[in-house]
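Presented below is the structure to which this report refers.
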Amino acid sequence: MKIRKRILGYVIDLFISIAICIFLSILPFLIVAVIALLFLPFVASYEDTWNPILTGIMNGMLLLSALIFMITSLGANFKLNLTWGYKFNGLILKNTNKFKLFTWWFIRNGIAGLLIFLIAYHLANDMDYQYLFLPIFIYIIYLWIDGIVFLLTKGKRTFTDIWTGIEVLETTKVVKGNIPRSGTKL
């Protein structure tokens, strides 16, 4: 049961992180498109300077979006004791502090978000992003190793858990009127 909960918790955390990053990376493109539609007819004679202005606005907004993602993630991980996916699945973290929690989350989810922002930046600037495939490939290999260690330990630990020193435990549900005895593991 714990294996399923951990996988579901990881998928929820990854989905939330990627959905936020995709939204925050598409938003600058939409805002610049609206700006271009509203103001381009009035400044059509300045087309040589208009594109760098739009690109600058988009780059600034992408940087701001990446900073918002990292700062809110850092704030959420420093405020909460575990991630949303693990919280929804009744899992708790042991041997953790706020910095370990952020490091653990960043390795498993934050890197994927930053890669999304890098790809959006390259698309916004019409740059070749072929070299980004290598970090993406390395990150996917790391996640595979993480999953293999997870399966070899029968769902007890991942490579990231071992590396950061975090242990994930399953909480027991307290039935109304029944209080767990002292010494009972939560």
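The values are calculated or read from the model by the stated rules, or taken from the named source; none is laboratory data. The structure presented is a predicted model; accordingly, all values stated were derived computationally and were not measured. Glycine gets a Cβ as well: all are built from the backbone with ideal geometry, and neighbour counts include every protein chain shown. Keep in mind that these areas ignore ligands, DNA and RNA; they rest on the heavy atoms of the full protein, side chains included. Shrake-Rupley method; radii C 1.70, N 1.55, O 1.52, S 1.80 Å.
Go through the range 102-167 and tell me which helices (runs of 4 or more DSSP H), entirely inside it, have 2 or more residues that are under 23 Å from GLY56 (Cβ atoms), of a type outside the set (S, T, N, Q) and open to solvent by less than 50 Å² (accessible area, probe 1.4 Å).
Those helices (runs of 4 or more DSSP H) span 111-124.
Which residue is surrounded by the fewest Cβ atoms within 10 Å (Cβ to Cβ), if the candidates are limited to the range 24-54 and must be modelled with pLDDT of 65 or more and polar (S, T, N, Q)?
The residue in question is ASN51.
In the range 1-31, which residues are farther than 21 Å from ILE148 by Cβ and aromatic (Phe, Trp, Tyr)?
PHE15, PHE23, PHE29
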